[in-house]
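J.: Before anything else, here's the structure in question.
The values are calculated or read from the model by the stated rules, or taken from the named source; none is laboratory data. The structure displayed is predicted, hence computed values, not measured ones. So basically every Cβ, Gly included, is an ideal-geometry build from the backbone, and we count neighbours across all protein chains shown. Protein only, heavy atoms only, side chains kept; ligands, DNA and RNA dropped before computing areas. Shrake-Rupley method; radii C 1.70, N 1.55, O 1.52, S 1.80 Å.
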Amino acid sequence: MMTTQHANPNALAVTATIFELFDRFGERTYSDGTSLAEHSKASAIAAKLRGFDRDMIIAAFLHDIGMLLPPGLPSKLGHEVLGADYLQELGFSKRVVEVVREHVNAKRYLCTMRMYFFDQLNEQQQRRLIEQGGPMPEREARLFEHHPYFDDLLRLRSLEVAQQANAAEFDGHWMAGLLHQHLSQ
C-alpha cells in the first residue's frame, strides 16, 4: 500500500525560526573577524559546489547554530551539543543532528590522525581546539572511526579547511526551500 507524505505543519515555522536566529545573532564573529552568518552561508555554498546532498548542505549551514542560540543556556555544553540538541527538538533528521553534534570531534580526530590538519589551523583556532579537548587520543580516534556518520563528518570538516565559497552567492530562498523540504519528510 502506498502512503502519501504529509508536510510537517511546523516546517515553515521552524525555517523562519532558523533564519530569525541568523538575523538576530549571525553578526557574532569568529576570531578571524568572519561573522557566523558569513561562515555558515559559505559552508553551505561550498557543500553545494562539492555536490553534497541536501542533508549535508543543511548540516554545513547549521553546524555552528549552537553559537547563535541566545545566552543563558548551559555553558558547560559545547556549541556543537547545544546546536544538535536544538535541531533535534526542531525535528531535523538524525543524520543532520549527529553531524552537527560531532563536527568538533571530527576536528579533534583530524588533528590526531592527519597532522597537517592541525598546522592548517590559525593560532586562535589551535587555542580553541585545546579548549575543546585538544587532539583526540589515538584510542578514542580509532573508536571515532566507527561513528555511523564518520565519512560525512570528515567531508564537513574538509569544507572548513578548503572553504573558497563566497557567502554572497548564498540564496536564502534556496536554503529555506531545502530546510522546509527536509523538515517535511
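J.: Once Lys and Arg get +1 and Asp and Glu get -1 on their Cβ, which of SER184, THR34, ALA106 lies farthest toward the positive end of the dipole of the stretch 28-185?
T.: Farthest along the dipole direction, towards plus: ALA106.
J.: Which of THR34, THR15, THR112 ends up with the largest GNM mean-square fluctuation for the chain, with Cα atoms connected below 10 Å?
T.: THR34
J.: While we're on this one: Of all trypsin sites (Lys or Arg not before Pro) in the stretch 82-185, which ones are in loop regions per DSSP and have a Cβ with at most 14 other Cβ atoms within 10 Å? Can you show the working numbers first?
T.: Values: sites: LYS94, ARG95, ARG101, LYS107, ARG108, ARG114, ARG127, ARG128, ARG139, ARG142, ARG155, ARG157; in loops: ARG114.
Qualifying residues, ordered by number: ARG114.
J.: Measuring with a 1.4 Å probe in the full set of protein chains, what accessible area per residue, in whole Å², belongs to the chain?
T.: Result: 54 Å² per residue.
J.: Could you please state how large a percent of the accessible area of the chain is carbon and sulfur, counting protein chains only and using a 1.4 Å probe? Walk me through the intermediate numbers first.
T.: Working: 5120 of 10020 Å².
Answer for the chain is 51 percent, counting heavy atoms of protein chains only.
J.: Then there's this: Where does the Debye-calculated log10 I(q)/I(0) of the chain sit at q = 0.15, 0.17, 0.20 Å⁻¹, using only Cα point scatterers of equal weight, no solvent?
T.: Each listed q corresponds, in turn, to -0.89, -1.15, -1.58.
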